[in-house]
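Below is one structure, written out as structure tokens; comments come after it.
The values are calculated or read from the model by the stated rules, or taken from the named source; none is laboratory data. No experiment lies behind these values; they were computed from the predicted model shown. A quick note on method: Cβ atoms are made from the backbone with ideal geometry, for glycine too, and the neighbour counts reach across all protein chains shown. Side chains are part of the model used for accessible areas, which takes the heavy atoms of the whole protein and leaves out ligands, DNA and RNA. Shrake-Rupley method; radii C 1.70, N 1.55, O 1.52, S 1.80 Å.
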Amino acid sequence: EIYIMNILKTIVWLFPIIFMLHDFEEIILVEAWKKKYKKELQNTTMKKVPFSDFRSAASFSIGVVIEFFIFSALPLFACLFNWYFLWFGLFFGFTFHLVIHCTMSLQFKHYVPGVATSIPFLPICIYLLWISAKMISFTTVQLILSCVTGTIMMLLIVAFLHKYMDSFAGFIKKMEH
């Protein structure tokens, strides 16, 4: 029992680590990528153009920091209170996010920042979800509700942060003067 809980707590704390490694790829490469693929991005017929609301690495990083606080508070909350419902759901939502990166790259027919970490992390995250679901012993209904709730929360967090990307850019601009 204690051994299983220690494994579960280790898995839970992998979420913010995997998230940051993935987002480091985006933070570091998006500006150069947007310059390199400027013509392709302007001519794409994709419904959702990758990183279309990206303003700067600095403003993007503000959003990443906010996400990092959320994705670090969740494991803490889960481990302290032995309640993994939200953690599991958000980790599922993040794993789905990795699938979206792969899909965007295939649609764009070029590298898209985030795909290089999505490819190795996707099977790892699926495995971690599978193992942790067995350890947590969710019922089928709890598992589905957790995944739906977490995915909706992930979409809301991302939508909120994208909505305020211009405000983050404005904040950075003010700091320059």
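Structural remarks
- Test for Ser52: is it free of Cβ contacts under 8 Å to residues at least 12 places away in the same chain and of a type in the set (Gly, Ala, Ser): yes
- Screening Tyr164 with (1) open to solvent by 80 Å² or more (accessible area, probe 1.4 Å); (2) within 18 Å of the chain's Cα centre (by Cα); (3) more than 20 Å from Lys34 (Cβ to Cβ) gives one miss only, at (3).
- Counted as qualifying within the stretch 1-115 are no helices (runs of 4 or more DSSP H), as none has 2 or more residues that are open to solvent by 50 Å² or more (accessible area, probe 1.4 Å) and among the acidic types (Asp, Glu).
- Among the conditions (1) assigned to a helix (DSSP H, G or I); (2) out of contact with any Leu (no Cβ under 8 Å at 6 or more places or on another chain); (3) modelled with pLDDT of 95 or more, the only one that Gly170 does not satisfy is (3).
- Test: residue in the stretch 156-177 that is within 25 Å of Lys48 (Cα to Cα) and touching a Phe, Trp or Tyr at 6+ places or on another chain (Cβ under 7 Å): no
- Residue in the stretch 62-77 that is hydrophobic (A, V, I, L, M, F, W, C), farther than 30 Å from Ile136 by Cβ and either touching a helix residue (DSSP H, G or I) at 6+ places or on another chain (Cβ under 7 Å) or free of Cβ contacts under 8 Å to residues at least 40 places away in the same chain (or both) present: yes
Residues are listed down the side, and each one gets a yes or a no for (1) farther than 27 Å from Ser167 by Cβ; (2) out of contact with any Cys (no Cβ under 7 Å at 6 or more places or on another chain):
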site	(1), (2)
Thr44	no, yes
Ser59	no, yes
Leu80	yes, yes
Gly89	yes, no
Ile100	no, yes
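- In summary, Met135 fulfils each of the numbered conditions (1) surrounded by 17 or more Cβ atoms within 10 Å (Cβ to Cβ); (2) touching a helix residue (DSSP H, G or I) at 6+ places or on another chain (Cβ under 6 Å); (3) in contact (Cβ under 8 Å) with a residue 60 or more places away in the chain with the single exception of condition (1).
Yes or no, residue by residue, for (1) modelled with pLDDT of 95 or more; (2) closer than 30 Å to Lys35 by Cβ; (3) not polar (S, T, N, Q):
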| position | (1), (2), (3) |
| --- | --- |
| Gly114 | yes, yes, yes |
| Tyr127 | yes, no, yes |
| Cys147 | yes, no, yes |
| Ile152 | yes, no, yes |
| Phe160 | no, yes, yes |
